[in-house]
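Everything below concerns the one structure shown next.
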Amino acid sequence: MRADAARRREAIVHAARSLVAARGSDVALDAVAEAAGVGIGTLYRNFDSRAALLDEVALSILSDVRTATRETADRLGETSQEAWDEFVHRLVGLELGALTAALADHAGEALSPEVQAAQDEALAGVGRLLEAVQGAGLVRRDLTALELVTTVGMITRPVPESVRRAAPDLRTRLVSILSRGLRPEDS
């Protein structure tokens, strides 16, 4: 793929991630194309369907989850609590709600093998990291990787504008509550 074509494709995925995070997976593909600075024909040349685009959004987010997990695992040691807290905030910043929305479009259907493999790999990595911080006494032992990722996904789901106006700091508060709830009961 030519460099300019690769940049356009990446711009489409980036725009789709942002719009799916903000509006949900039923966002108009015209809006994605416009946000990416491309025509709708260019979007369809890169992604022949909404499902193909949502698969790529999911793969992009799952790749970022794997990267965050690896980088956090490398930082565990003297700064374990700080590394863990930053990891949770990083997951929130990845807009996992967009991933949840993208995968929800496949409800009733099997995920593509590529997305399923990436999801399994990401969850396994989060699970290994979780075991390490649980072993260090930083996180409650009954928490699973799926529960953590799902909870962060729920916190980062798109919310109606009226809720954002009424509670502008809602996400920050929910992340704070989550962080406290992740700690072992004796801390």
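Please treat every number below as a calculation from the coordinates, not as lab data. Owing to the predicted nature of the structure, the values given are computational and were not obtained by experimental measurement. Cβ atoms come from the backbone with ideal geometry, glycine included; neighbour counts cover every protein chain shown.
A few comments on the model shown:
- Summing Cβ point charges (Lys, Arg +1; Asp, Glu -1) relative to the Cα centre of region 1-45 gives a dipole of roughly 200 debye.
- A cut-off under 12 angstrom between Cβ atoms defines the neighbours of GLU114, and their net charge, with Lys, Arg +1 and Asp, Glu -1, is -4.
- Length gained when the stretch HIS14-ASP85 is fully extended (0.36 nm per residue, less Cα-Cα span): 23.0 nm
- Full extension of the chain between ARG23 and SER63 yields a length gain of 12.2 nm, computed as 0.36 nm times the residue separation minus the alpha carbon distance.
- If R0 is 41 Å, the Cβ-Cβ spacing of GLU114 and VAL159 corresponds to a FRET efficiency of close to 0.85.
- GNM on the chain, alpha-carbon springs under 10 angstrom: the most fluctuating residue among SER63, SER25, SER176 is SER176.
- Look at where the Cα atoms of region 121-187 and of region 35-94 average out, and the two centres are 16 Å apart.
- Two-site FRET efficiency, ARG2 against ALA124, from Cβ-Cβ distance with R₀ of 35 Å, rounded to 0.05: 0.50
- Relative contact order of region 55-182: 35 percent, from C-alpha pairs under 8 Å at least 6 residues apart in sequence.
- Highest GNM mean-square fluctuation among ALA166, ALA132, ALA117, for the chain modelled with Cα contacts below 10 Å: ALA166.
- Where (i) 18.5, 63; (ii) 17.7, 57; (iii) 15.9, 51 are the candidate values, the label of the one calculated here for Rg and Dmax of the Cα atoms in Å is (ii).
- Stretching ARG180 away from ALA51 to a fully extended chain increases their span by 42.8 nm, per 0.36 nm per residue minus the current alpha-carbon distance.
- For region 6-12, Karplus couplings with θ = phi - 60° (6.51, -1.76, 1.60), whole Hz, Gly/Pro x: 5, 5, 5, 4, 5, 5, 5
- Sequentially through region 66-72, phi angles give Karplus couplings (6.51, -1.76, 1.60; θ = phi - 60°) of 4, 4, 4, 5, 4, 5, 5 Hz, Gly and Pro residues having no value and appearing as x.
- For the chain, built as a Gaussian network whose Cα springs stay under 10 Å, the top-fluctuating residue of ALA122, ALA51, ALA167: ALA167
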